[in-house]
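Engineer: Pasting a structure below so you can have a look.
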Amino acid sequence: MSWLRFFRVVNLPTVPGDVITGAAVSIAFSDTSVSSEIVRSVLAAAASSVFIYMFALADNDIVGRDVDVERPIPEGKIRLLHARIAAFACLVAAAATGVVFSLPVWWYAVAAVIVIFS
């Protein structure tokens with residue numbers, strides 16, 4: 001249950017919607033036809049966005065562990081080392097999704113900016 005709170009699992013279904021909506025708007029205002037490759041890339045980017053979001057949540061709890069005392073790390077329900085490993089695993093999962101689904105190079109640049117400034 002602590003990990004569910006740590007990653008705020010109830011919020012995760014809202015994350016891919018931003019990517020899907022952005023892609024839909026881009027497609028609607030361009031001459032691009034929707035191919036299976038585009039759908040695959042959008043879904044891969046949406047899945048990766050969930051992992052990046054989970055990284056940001058973990059990072060937020062790690063950095064704010066002395067301030068936000070009602071979260072699992074300061075409560076002692078999740079060890080700091082385990083939280084750091086989980087955050088790193090989220091980054092690896094996001095990158096792996098990009099590799100497996102051959103997302104374009106610019107996707108990695110955008111993902112890196114999001115991670116750096118999250």
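Engineer: ³J(HN,Hα) across the range 69-81 via Karplus (A = 6.51, B = -1.76, C = 1.60, θ = phi - 60°), whole Hz, x for Gly/Pro?
Structural biologist: So the J values, rounded to whole Hz, are 6, 9, 9, x, 5, x, 6, x, 8, 10, 6, 4, 4.
Engineer: Over the range 1-116, what relative contact order in percent results from Cα pairs under 8 Å that are six or more residues apart?
Structural biologist: Details: 100 pairs, mean separation 37.1, N = 116.
Relative contact order here is 32 percent.
Engineer: Could you pull out the longest piece of the chain with no exposed loop trypsin sites (Lys or Arg not before Pro) in it, calling a site exposed if DSSP puts it outside H, G, I, E, B and it has at most 15 other Cβ atoms within 10 Å? Let's see the in-between values first.
Structural biologist: On the way: sites that count: Arg8, Lys77, Arg79.
Of all site-free stretches, the longest is 9-76.
Engineer: Based on alpha-carbon centroids, what's the gap between the range 21-49 and the range 63-118 in Å, whole number please?
Structural biologist: 24 Å
Engineer: Work out from phi, with θ = phi - 60° and the Karplus expression 6.51 cos²θ - 1.76 cosθ + 1.60, the ³J(HN,Hα) of each residue of the range 90-101, listed in order in whole Hz, and give x for Gly and Pro.
Structural biologist: In residue order, the calculated couplings are 5, 5, 4, 4, 5, 5, 4, 4, x, 5, 4, 9 Hz.
Engineer: Which percent of the accessible heavy-atom area of the range 11-118 goes to carbon and sulfur, probe 1.4 angstrom? Present the calculation step by step, with values, prior to reporting the outcome.
Structural biologist: On the way: 4530 of 6680 Å².
Of the solvent-accessible surface of the range 11-118, carbon and sulfur hold 68 percent.
Engineer: Hey, got a sec? Which GluC sites (Glu not before Pro) in the range 32-118 land in a DSSP loop and have at most 12 other Cβ atoms within 10 Å? Could the numbers behind the result be given before it?
Structural biologist: Numbers: sites: Glu37, Glu70, Glu75; in loops: Glu70, Glu75.
Hits after loop and neighbour filter: Glu70, Glu75.
Engineer: Right, another one. What's the extension gain from Leu12 to Ala24 if we count 0.36 nm per residue and subtract their Cα-Cα distance? Intermediate results must be reported in sequence, preceding the final value.
Structural biologist: Numbers: separation 12, 0.36 × 12 = 4.32 nm, distance 2.00 nm.
Once the chain is fully extended between Leu12 and Ala24, it gains 2.3 nm.
Engineer: Right, something else. May I ask for the net charge around Ala47, where only other residues with Cβ less than 13 Å from the Cβ of Ala47 are counted and Lys, Arg are +1 while Asp, Glu are -1?
Structural biologist: Working: positive: Arg40; negative: Asp18.
With Lys, Arg at +1 and Asp, Glu at -1, the net is 0.
Engineer: Simple spin-label model, 7 Å along Cα-to-Cβ: Ser36 to Leu80 in nm?
Structural biologist: Here the modelled spin labels are 5.0 nm apart.
Engineer: Using the heavy atoms of the protein chains and a 1.4 angstrom probe, tell me the accessible area per residue for the chain in square angstrom.
Structural biologist: Details: 7420 Å² over 118 residues.
Value returned for the chain: 63 Å² of accessible area per residue.
The values are calculated or read from the model by the stated rules, or taken from the named source; none is laboratory data. Just so you know, these numbers come straight off a predicted model, no measurement behind them. Glycine also receives a Cβ, built like all others from the backbone with ideal geometry; neighbour counts cover every protein chain displayed. Each accessible area value is taken on the protein alone, full model and side chains, heavy atoms only, with ligands, DNA and RNA left out. Shrake-Rupley method; radii C 1.70, N 1.55, O 1.52, S 1.80 Å.
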